[in-house]
Amino acid sequence: MHFFQYRSGELYAEEVPVKTLAEQYGTPLYVYSHTTLLRHFMAYENAFDGYPHIICFAVKSNPNTAIIRLFAKHGGGADIVSGGELHAALKAGIPSRKIVYAGVGKTEDEIRFALKSKILMFNVESENELREIDRVAGNMKTNAQIALRINPDIDPGTHPYITTGMKKHKFGIPIEVALEYYKLASKLKNVVVVGVHKHIGSQITKVSPFVDALKRILLLIDELNAQGVSLQYLDVGGGLGISYRDEEPPVPGDLAKHLIPMLKDRNLTLIMEPGRSLVGNAGILVTKTLYMKKGIEKEFIIVDAGMNDLIRPSLYDAYHHILPVVRTKRDKILCDVVGPICESGDFLAKERELGKLKQGEYLAVMSAGAYGFSMSSNYNSRPRAAEVLVKGRDHVLIRKRETYDDLVRNEKIPAFLK
């Protein structure tokens, strides 16, 4: 559920007309609903209440520190995959002991930063990474708490680009050799084995892949217990999907109903890493109509938001509902909604039936809160969009719109070109 609703034909973000936000802050503009964000976070907290757990927000889905701070204030942790995400999480107030660090390519500097920050644990993806963490920790005269990320070879039935838990993918350690890796980790002097981690993909719309993956991980935990390796943390990752079009994904309560009975009588703290299911439907991208263009085969609505602002349609052929900010009774047309980028792949929607628009009118791209701004770029030297958070009747700018000066701020013309 989200709190973007029509009232008398006008789209509102909670208690604020979206048109008012677009006129005040300009477009393209990301708008987030505080009530929706909190509702989604508490759905996880309430579902798993009574079982030891930490909800570690997947920062990659939306790294704005105001949003991370909202989750921090309600007991949330952070799932990070880079030093930059660690910096954002700490700045937003996430306790370091609620931060877990995944990713296949951690650098030495990033490992040092995480060790210095005393994060909860590294989710280790390979033998070389395990040995590197041990080496760096030894040089720093400290210990690194680690979990091994296990690849359970489970197909989550989602887009191949966001599937991460099968043999052919770069992520994690094959479950068939996991025991050998745990034996190796137990022998290293500067790492402490505290957990196991798995993450099988994103935008998963069924419970069964989560259940199947957990079954395999629990068998591994039982084998480890038999060999005297006792774990404290079970990190089941994230990946719960949302409704973009007509999907009916499970909710956190459905996950809890299936997962908690499987964990009965196990002395483990459960870690979850939701991202999209927290922020996806809590955000929209507002864009302004620049031109209407009638082609030979179709019509185009040309808007000021492009693939640099929201790349999901271009990258994944992803579907986002597109709604007029103010409804009209004009005739409908079949059209593509496209941006100003010099690529044929620059589109927000294809073959959509929308009411005719006039120059200057606004559209809302729905379900844009996850992997929207976080995947945006400066392609075509376009400043990145502003971000606004709405709470009831209040709204605040949580990221300024970039300027042309920002685009060249870190560049330097060498002396021999002057």
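The values are calculated or read from the model by the stated rules, or taken from the named source; none is laboratory data. Just so you know, these numbers come straight off a predicted model, no measurement behind them. Because the Cβ atoms are built from the backbone with ideal geometry, glycine has one as well, and the counts that use them run over all protein chains shown.
Scanning the stretch 191-198 finds one or more residues that are buried (at least 17 other Cβ atoms within 10 Å of the Cβ), assigned to a strand (DSSP E or B) and over 26 Å from the mean Cα position of the chain (by Cα). If only residues of the stretch 310-348 that are assigned to a strand (DSSP E or B) and in contact with a Pro (Cβ under 7 Å, 6 or more places away or on another chain) are counted, the one that is surrounded by the fewest Cβ atoms within 10 Å (Cβ to Cβ) is PHE347.
Residue count for the stretch 59-114 under the criterion of being assigned to a loop (DSSP other than H, G, I, E, B), outside the structural domain of THR269 (by TED's automatic domain parsing) and in contact (Cβ under 8 Å) with a residue 40 or more places away in the chain: the result is 3. Against the conditions (1) within 21 Å of the chain's Cα centre (by Cα); (2) surrounded by 21 or more Cβ atoms within 10 Å (Cβ to Cβ), PRO152 satisfies every one except (1). If the condition is being in contact with a Phe, Trp or Tyr (Cβ under 7 Å, 6 or more places away or on another chain) and modelled with pLDDT of 95 or more, then the stretch 294-317 contributes ILE302, ASN308, ARG312, PRO313, SER314.
Restricting attention to the stretch 15-27, the residues that are of a type outside the set (S, T, N, Q) and more than 15 Å from ILE398 (Cβ to Cβ) add up to 6. For the stretch 339-347, the criterion of being among the acidic types (Asp, Glu), over 26 Å from LEU278 (Cα atoms) and either touching a Lys or Arg at 6+ places or on another chain (Cβ under 7 Å) or free of Cβ contacts under 8 Å to residues at least 24 places away in the same chain (or both) is met by no residue. Does any residue of the stretch 171-178 turn out to be under 25 Å from ALA137 (Cα atoms), aromatic (Phe, Trp, Tyr) and either touching an Asp or Glu at 6+ places or on another chain (Cβ under 6 Å) or at pLDDT 95 or above (or both)? Scanning the stretch 171-178 turns up no residue that is under 25 Å from ALA137 (Cα atoms), aromatic (Phe, Trp, Tyr) and either touching an Asp or Glu at 6+ places or on another chain (Cβ under 6 Å) or at pLDDT 95 or above (or both).
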